[in-house]
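Colleague: Take a look at this one; I'll ask things after.
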Amino acid sequence: MRLRLFLTVCAALAAGVTVAAQDMPILTPKPGSAPKINGPKIYGARPGHDFIYRIPCTGERPLKFRASKLPPSLKLDPATGIITGKVPPKIGSYEVTFRAANKAGSATRPFKLVVGDTLALTPPMGWNDWYTYRNQITGNLMREAADLMISSGMADYGYQYVNIDDCWMVKPGDPNPELGGETRDAGGGILPNKRFPDMKGLTAYIHAKGLRAGIYTGPGPLTCAGYTASYQHEDADARRFAEWGFDFLKYDWCSYRQIVRNDSLEERKKPYDLMGGIVKRLGRDVVFNLCQYGMSDVWRWGADAGGQCWRTTGDVGNMRRNQLPGFYEAGVANAKLADYAGPGRWNDPDYLIIGYAGRPRQREGPPTKVELSADEQYSYMSMWSLMAAPLFFSGAMNMLDDFTLNVLCNAEVIDVNQDVLGKQAKILRQSDGELLLVKPLEDGSKAVGLFNLSAAPRKMKLAGAELEMTGPLRVRDVWRQRELGMMKEYSPQVASHGVAFVRVWGKAKH
Ligand code: GLA
């Protein structure tokens, strides 16, 4: 057996192909050739603002898209499925239905556009460059990531934001002429460094694909990596970001620690209140992401400061592997905060670092395969999905292999994350050996993750009573997209650090 595996690996290496299939099993069924529309069924936007949305849809192209009851201020390109135009000026709900057809069939999906004050009615999804490029990021690499979001198929599952992290601005005093130089123009406007020669062109490039663009700064004088940030330029910087065309802003505390006068809630909230208020008045739908690592229970006041999502923990990439890989630490801490999440207000336990990514705690060097087993990567994605966490992949877009794509792009896993109710899973049971998370869904079913935290395979158990359900349970395997049948109790054998991710229907117990 060992010899056979060894020979297969050698043959595969000689042929230059990945050897994923042996030790990295692919669970997500391949999408069919007929269309299937994915993505959120509810979407918030502010009246009169610019709107851009690409209908996520799998199936053989060319596809032909239609949208019934689309407000007249919006236009759909039937060939690309990209909707552009203005959000209707009138507050209210618009019940749109998307339709896609090709020679193999057709599909529909409801899309409720809710025009009002609340953005991010479901957790935002996309890519952020930090864990791949750090201080190597360039405008061209961002364009390449946008290309790959389309060509890899990720956008067909709802990934939408293409977000720049730190290191796009000038780094004061840096001898590298690409990075150093004047930090602001004569009018005080923030300047990108030479690796970002055309910010407007960059967002236009991203928007032309029906995607949205994100940017990063912080309330202190410098970013975490020592680049120019927005202290005392908050208003001008935010306006410039909107003028450039950005749709998402991450606001990272870092050097604000030199400015804050004490550890009071008021002092810690101040810079976020300030920027949150500015962002809200920009005349553009900009999702505001607070990044201050969970200080002063940010989940209690992040929404009040104008945020749609807030980091609840330190950097997942810096969390050390003990018995378990670092993401469990962020996940378990975040899981306790379920009561604070809801539509337009999400707990953010940091990015998905799966597939290939930069080395942890290392600033430079090419991406390498992350040190997570297949089971651990399925657990990571399952946990983030159940916790209604923003789904931002931060690994290498240009090294996406079949395994990584199968983890990122399972329509049923994403449906759990994007469910209209917007509830974050609660902890049903937790011990050293196991963690069970339960997320109620719009159709009355419950998504359950049974995570085996121990070093050996484990028989796990889930009874209807624990889910407040009676009668036989209908159980569906979410990863395999397969019915497991009707049963009184679900008792899977779960691999070490693995997960059984199921959706359960039963009679509600009153
Ligand atoms: C902090 C943040 C990270 C990343 C870096 C950039 O560590 O938490 O997500 O933005 O700064 O320097």
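Colleague: Can you list residues from other chains, or at least 5 along the same chain, whose modelled amide H is less than 5 Å from the amide H of GLY226?
Modeller: Excluding prolines and chain starts, which carry no amide H, there are no hits.
Colleague: Can you compute the radius of gyration and Dmax for the stretch 425-508, using only the Cα atoms, both in Å?
Modeller: Radius of gyration, then largest Cα-Cα span, for the stretch 425-508: 12.0, 35 Å.
Colleague: Hey, another quick one. Just subtract the alpha-carbon distance of LYS507 and ASP402 from 0.36 nm times their residue separation and send over the number in nm, one decimal.
Modeller: 34.0 nm
Colleague: If you don't mind, another one. Tell me, what are the semi-axes, in whole angstrom and largest first, of the equivalent ellipsoid of the stretch 354-447 as set by the roots of 5 times the Cα gyration tensor eigenvalues?
Modeller: Working from the Cα gyration tensor, I get semi-axes of 28, 16, 11 Å.
Colleague: Can I ask one more? With only alpha-carbon atoms counted, please give the Rg and Dmax of the chain, in Å.
Modeller: 22.7, 71
Colleague: Relative to the present Cα-Cα distance, how much length would full extension add between ASP77 and ALA333 at 0.36 nm per residue of separation?
Modeller: Taking ASP77 through ALA333 to full extension adds about 87.9 nm, to one decimal.
Colleague: Moving to a separate point now. Please list the radius of gyration and Dmax for the stretch 36-115, considering alpha-carbon atoms only, with Å as the unit.
Modeller: Reported Rg and Dmax, both Å: 12.3, 38.
Colleague: Give the Rg/Rh ratio for the stretch 51-189, taking Rg as the radius of gyration of the Cα atoms and Rh as the Kirkwood radius, to two decimals.
Modeller: That ratio is 1.09, to two decimals.
Colleague: Which whole-Hz couplings ³J(HN,Hα) result when phi for each residue of the stretch 392-406 is put into the Karplus expression 6.51 cos²θ - 1.76 cosθ + 1.60, θ = phi - 60°, listed in order with x for Gly and Pro?
Modeller: Whole-Hz 3J(HN,Hα) from phi for the stretch 392-406: 10, 6, 10, x, 7, 5, 8, 10, 5, 9, 4, 5, 4, 5, 5.
Colleague: Could you list the GluC sites (Glu not before Pro) in the stretch 178-247 that lie in coil according to DSSP, counting only those with at most 16 other Cβ atoms within 10 Å of their Cβ?
Modeller: GLU178, GLU182
Colleague: For LYS86, which lysines qualify as cross-link partners when the Cα separation must be under 30 Å and same-chain residues fewer than eight apart are set aside?
Modeller: Candidates past the 8-residue exclusion: LYS36, LYS41, LYS64, LYS69, LYS75, LYS112, LYS200, LYS209, LYS250, LYS280, LYS423.
Colleague: If you take the square roots of the eigenvalues of the alpha-carbon gyration tensor of the stretch 270-317 and sort them as a ≥ b ≥ c, do you get rounded (a/c under 1.5), prolate (a/b over b/c) or oblate?
Modeller: prolate
Colleague: With no solvent and one equal point scatterer placed on each C-alpha of the stretch 126-417, evaluate the Debye formula and give log10 I(q)/I(0) for q = 0.14 Å⁻¹, two decimals.
Modeller: Debye intensities relative to I(0), on a log10 scale: -1.04.
Colleague: Can you tell me the FRET efficiency between ARG261 and GLU434 if r is taken as the Cβ-Cβ distance and R0 is 51 Å, rounded to the nearest 0.05?
Modeller: 0.70
Colleague: Also: How are the Cα pair distances of the stretch 323-369 distributed, in percent, across 10 Å bins from 0?
Modeller: 21, 40, 27, 12
Colleague: Then there is this: Accessible area per residue for the stretch 126-417 in Å², computed with a 1.4 Å probe and the full protein assembly in place, what is it?
Modeller: Accessible surface, normalised per residue, equals 34 Å².
Colleague: Over the stretch 103-169, how many percent of alpha carbon pairs lie in each 5 Å bin up to the one with the longest distance?
Modeller: Taking every Cα pair in the stretch 103-169, the percentages come to 3, 13, 19, 18, 16, 13, 10, 5, 2, 0.
The values are calculated or read from the model by the stated rules, or taken from the named source; none is laboratory data. Predicted, not measured: the structure shown is a model, and the values here were computed from it. Cβ: placed from backbone, ideal geometry, glycine included. Neighbour counts: every protein chain shown. SASA here: full protein model, heavy atoms, side chains in, ligands and nucleic acids out. Shrake-Rupley method; radii C 1.70, N 1.55, O 1.52, S 1.80 Å.
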